[in-house]
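Since the structure comes first, as structure tokens, the remarks are kept for the end.
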Amino acid sequence: MTQETITIENKTGIHARPASIFVQTATKFKSKVQIQAKGKTVDAKSILMIMSMGLVKGTEITIVADGPDEAEAVKALKDLVASKFGEE
């Protein structure tokens, strides 16, 4: 299992467009990928689950992956969050 913690920095947080990009990126990997935040753990391959978390700017999330390409999955998703989803 690989995990990394990162803070959401884009102004609008993870709304529909960034959530969609996050899910598209997560589904490229075979590993099981989850997001942990606010005491909840959700499937990172489900846009509805991600949207239900209400992830706003300043929220700290932990990306957790378990499987054959877990390190690559966590790195790709962490880089995506760090890039502010190309919004700024």
Selected residue (criterion: least open to solvent (accessible area, probe 1.4 Å)) from residues of the stretch 59-69 that are part of a strand (DSSP E or B) and among the acidic types (Asp, Glu): Asp66
Inside the stretch 20-58, can you point out the residues that are of a type outside the set (S, T, N, Q), more than 12 Å from the chain's Cα centre (by Cα) and assigned to a helix (DSSP H, G or I)? Leu48
Glu87 - would you say it is at pLDDT 95 or above and more than 10 Å from the chain's Cα centre (by Cα)? no
Return yes when Glu72 is part of a helix (DSSP H, G or I), open to solvent by 60 Å² or more (accessible area, probe 1.4 Å) and either within 13 Å of Lys38 (Cβ to Cβ) or of a type outside the set (Gly, Ala, Ser) (or both) and no when it is not. yes
Out of all the residues in the stretch 1-19, which are open to solvent by 40 Å² or more (accessible area, probe 1.4 Å) and part of a helix (DSSP H, G or I)? Ala16, Arg17
Could you list all residues from the stretch 1-22 that are touching a strand residue (DSSP E or B) at 6+ places or on another chain (Cβ under 9 Å) and either hydroxyl-bearing (Ser, Thr, Tyr) or under 15 Å from Leu80 (Cβ atoms) (or both)? Thr2, Glu4, Thr5, Ile6, Thr7, Ile8, Ile14, Phe22
Need the failing condition index for Ile47 against (1) β-branched (Val, Ile, Thr); (2) within 16 Å of Thr7 (Cα to Cα); (3) open to solvent by 30 Å² or more (accessible area, probe 1.4 Å), just the number. (2)
Please work out if Met53 is in contact with a strand residue (DSSP E or B) (Cβ under 7 Å, 6 or more places away or on another chain) and either among the basic types (Lys, Arg) or open to solvent by 10 Å² or more (accessible area, probe 1.4 Å) (or both). no
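The values are calculated or read from the model by the stated rules, or taken from the named source; none is laboratory data. Since this is a predicted model, take the numbers as computed values, not measurements. In this analysis, Cβ positions are derived from the backbone assuming ideal geometry, glycine residues included, and neighbour counts consider all displayed protein chains. What goes into the accessible areas is simple: the full protein's heavy atoms, side chains included, and nothing from ligands, DNA or RNA. Shrake-Rupley method; radii C 1.70, N 1.55, O 1.52, S 1.80 Å.
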